[in-house]
Amino acid sequence: MTEVSFHFNVPHRLGYACRLLRKAARQGAKVAVVAPLATLEELDRALWSFDPIEFVPHVRIGSAPLAPHLLQTPVQLVDDARRSTHHQVLLNLGDELVQGFEGFARLLEVVSADESERTAARMRWKHYASRGYSIERHEVAPQ
């Protein structure tokens, strides 16, 4: 069963995601990041520039086919989790319940202090809890 973790009170979703993805890549994890297209575009740009001396290997996966070697890239940015070839970790940067999340070993939900994000996160939490998923809660300390 998928392990679900919520990271609450994140000061900046994309900056936090960049740090999580850098850590995951260093540890050899395979991560799919799901979000709306505009958020994926911002994250793509942020991953190129957030650390001047370290690169987080990532690739955008859409409906067009990619070369097989690109599908081995540790971080895959997708607007539909079911398109990812990775099934180890799923990072949700959106406000919607992710279709296909149950196909991943772990699901990370990143939630800022924004009230609309928190409200959407509560709905996802209730969904997971009603289906018997064990949920971990992480409060992110202010920086």
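One table, with the values for the structure above:
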quantity: Average Cα contact separation per residue, segment 1-107, under 8 Å, 6 or more apart, as relative contact order %; calculated: 37
quantity: In sequence order, calculated HN-Hα J values of segment 121-131 (Karplus, 6.51, -1.76, 1.60; Hz; x Gly/Pro); calculated: 5, 4, 5, 5, 4, 4, 4, 5, 5, 5, 9
quantity: Arg60 long-range amide H proximity, modeled H, under 5 Å; calculated: Leu77
quantity: Diffusion coefficient, µm² s⁻¹, Stokes-Einstein with Kirkwood Rh over alpha-carbon pairs of segment 7-143 at 25 °C and 0.890 mPa s; calculated: 160
quantity: Residue-averaged [θ]222 nm for the chain, counting only DSSP H segments that reach four residues, each worth -39500 (n - 2.57); calculated: -9500 deg cm²/dmol
quantity: Estimated FRET transfer efficiency when R0 is 25 angstrom, pair Thr2-Thr119 (beta carbons, to 0.05); calculated: 0.65
quantity: Residue-by-residue Karplus 3J(HN,Hα) for segment 40-50, coefficients 6.51, -1.76, 1.60, Hz, glycine and proline x; calculated: 4, 5, 5, 5, 4, 5, 5, 5, 7, 10, 6
quantity: Cut-off of 10 Å, at most 16 other beta carbons, DSSP loop: longest stretch of the chain lacking such GluC sites (Glu not before Pro); calculated: 1-53
quantity: Contour minus Cα-Cα distance for Gln99 and Asp44 (0.36 nm per residue); calculated: 17.6 nm
quantity: Bridge type composition, the chain - antiparallel percent by DSSP, nearest 5; calculated: 0
quantity: Carbon and sulfur %, accessible surface of the chain computed with the full protein complex present, 1.4 Å; calculated: 54
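The values are calculated or read from the model by the stated rules, or taken from the named source; none is laboratory data. All values derive from a computational prediction rather than experimental measurement. Don't worry about glycine lacking a Cβ; one is built from the backbone with ideal geometry, like all the others, and counts go over all protein chains shown. Note: areas computed on protein heavy atoms with side chains; ligands, DNA, RNA excluded. Shrake-Rupley method; radii C 1.70, N 1.55, O 1.52, S 1.80 Å.
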